[in-house]
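Asker: I am attaching a structure below and will ask some questions about it afterwards.
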Amino acid sequence: MRRFLAALLVLVASGGGLSLPARAETSAQFDVSASIEPGCRVDGLGGAGDAGLIGTLDFGTDSSLSTATHSATTTAAQAIRLRCTPGLGLSMTVDGGSHAASGQRHLQRGGDASARIAYQLCRDAACSQPIAIGGVTGVAVDAANAEDVRLPLHALLTLPGGLAPGVYDDRLTVTLTW
């Protein structure tokens with residue numbers, strides 16, 4: 001009886017003596033996709049997200065007694081290159097700089113907080129569209145400027161006269177979002 005069961009077990013384990021072909025799948029499918037989003041490229045962008053110096057707002061040189069009004073812009077000589085998808089919603093925020101006080105940006109002579117000159121930052125050369133400290137300002141991106149987007153940064157200052165001689169400066173930080 002044991003021999004019969006052992007032979008039956010061998011017969012069942014071997015497929016009962018029937019030879020069936022083995023079946024295996026030889027093909028399968030899978031999906032491949034990519035999502036392309038609108039965005040910008042800032043040439044020269046460092047690993048920490050710091051693009052470096054955009055440019056300089058230079059009001060020039062004048063007499064310590066002057067009460068002249070001077071304007072400046074970074075648009076013509078911007079040091080960074082910004083390329084964006086046409087139609088992208090690009091915006092910039094500009095901080096108050098190193099010497100902001102009472103909601104106003106200031107140039108300052110060295111470490112002397114009493115030697116300051118107030119100035120306005122604007123979107124346009126006439127300074128009719130001010131850029132508020134921390135305010136969000138839209139930047140147009142279209143087919144005409146998509147390969148070389150210039151940030152609308154203009155400034156205006158009126159000298160008060162009677163200033164101590166020296167170099168008055170400030171440093172602003174621009175943050176771009178899209």
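Asker: Please work out the ratio of the alpha-carbon Rg of the stretch 67-178 to 2.2 N^0.38 Å and round it to two decimals.
Answerer: Numbers: Rg = 15.5 Å, N = 112, 2.2 N^0.38 = 13.2 Å.
In units of the globular-protein estimate, the stretch 67-178 measures up at 1.17.
Asker: Zone of Ala146 (label point 7 Å along Cα→Cβ, backbone N under 19 Å): which residues in the stretch 27-41?
Answerer: Answer for the stretch 27-41: 35-41.
Asker: In the stretch 56-114, what is the volume of the convex hull around the alpha carbon atoms, normalised per residue and reported in Å³? Before the final figure, lay out the partial values.
Answerer: On the way: hull volume 9.1 nm³, N = 59.
Roughly 154 Å³ of hull volume per residue.
Asker: Please compute P(r) over all alpha-carbon pairs of the stretch 112-152, binned at 5 Å starting from zero, and give each bin as a whole-number percent.
Answerer: Computed distribution, short to long bins: 5, 18, 18, 19, 17, 11, 5, 4, 3, 0.
Read-outs throughout are calculated quantities, based only on the coordinates presented, and are distinct from any laboratory measurement. Since the structure is predicted, the reported quantities are computational estimates derived from the model, not experimental observations. No Cβ is skipped: glycine too gets one built from the backbone with ideal geometry, and neighbour counts run over all protein chains shown.
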